[in-house]
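Novice: Below are the structure tokens for one structure; questions will follow.
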Amino acid sequence: MNLKKFLTCAVAVSILTGASTSYADDSTINRTERHLARENQKSETGYQRARFVKLTMDDNYTYYLDRESVKWVRVPYTSSEYMADVWIRMIERFPADDPDSALRDYEYFNPDEIGEVMMAREQSIRYAPIDLEVLRRKEYFMEHYYIRPKTKQIQFLCELEVVGHPQNNAEGREYSYSNWEDLIPGSVESMLYKAILKEIGTSMADANGHQTFADYFEEYTRISIR
């Protein structure tokens, strides 16, 4: 193939896919990475975009999505379907009218004494108020889930009780097709599922959401550029 034909193909594919003409950028930066880079930009208020998102609450806990934990992984034994891998932080609620609330031991960190907050301030990063509220709680629970938009199912992996920072040695269930659960209307899992997808969307649930310009180029031209 001569150079003129090659350049013509490249321009045509760029127009079809809406890709940037900066081939180096589009072929080396994964769409997911570009998305996360935008997500990590500071908001208009001057705060760092919130790491935690309040999803729902019940009589005992408030549930927060840890946005930094979200990733899309291929569903085993499929070629084009992806599931969301997420961690949920559960903070216990103590209603004011609870007669035992005065007897409970509230465990908090002073935000000014939290190491990661102190380091962020040294770099002129301002944590969003919701992040400071979540991070200051010393005792909490974490739950690990797979979310499968295609079938509207959820899979529980593990739950941790944490004081301070969790150790990086959590053991959970291995993925199993038999562990997928259908959503029961009104259940906490159903509310979490809906709130999570409202936050992260479903565009990354199929293979097209993970294709780069290089993938599109090679698919349409049958020419490898990597």
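The values are calculated or read from the model by the stated rules, or taken from the named source; none is laboratory data. Note that this is a predicted model, so its numbers are computed, not measured. In this analysis, Cβ positions are derived from the backbone assuming ideal geometry, glycine residues included, and neighbour counts consider all displayed protein chains.
Novice: With the checklist (1) among the aliphatic types (A, V, I, L, M); (2) assigned to a loop (DSSP other than H, G, I, E, B); (3) modelled with pLDDT of 90 or more in hand, flag the one item Val134 doesn't pass.
Specialist: Every condition holds for Val134 apart from (2).
Novice: Determine which single condition Met90 fails, assuming it passes every other condition in (1) modelled with pLDDT of 90 or more; (2) loosely packed, with under 15 Cβ neighbours inside 10 Å; (3) not in a loop (DSSP other than H, G, I, E, B).
Specialist: If we test Met90 against (1) modelled with pLDDT of 90 or more; (2) loosely packed, with under 15 Cβ neighbours inside 10 Å; (3) not in a loop (DSSP other than H, G, I, E, B), just (2) comes out false.
Novice: Right, next: Just checking, which of Tyr193, Tyr220 is at negative phi, at pLDDT below 85 and not in a loop (DSSP other than H, G, I, E, B)?
Specialist: Of the residues listed, the single one that is at negative phi, at pLDDT below 85 and not in a loop (DSSP other than H, G, I, E, B) is Tyr220.
Novice: Just name the residue that is farthest from Pro111 (Cα to Cα) out of those in the range 138-190 that are aromatic (Phe, Trp, Tyr), outside any loop (DSSP other than H, G, I, E, B) and in contact (Cβ under 8 Å) with a residue 40 or more places away in the chain.
Specialist: Filtering the range 138-190 for residues that are aromatic (Phe, Trp, Tyr), outside any loop (DSSP other than H, G, I, E, B) and in contact (Cβ under 8 Å) with a residue 40 or more places away in the chain, the one farthest from Pro111 (Cα to Cα) comes out as Tyr177.
Novice: Can you tell me how many residues in the range 149-170 are out of contact with any strand residue (DSSP E or B) (no Cβ under 7 Å at 6 or more places or on another chain) and within 21 Å of Val73 (Cα to Cα)?
Specialist: 5
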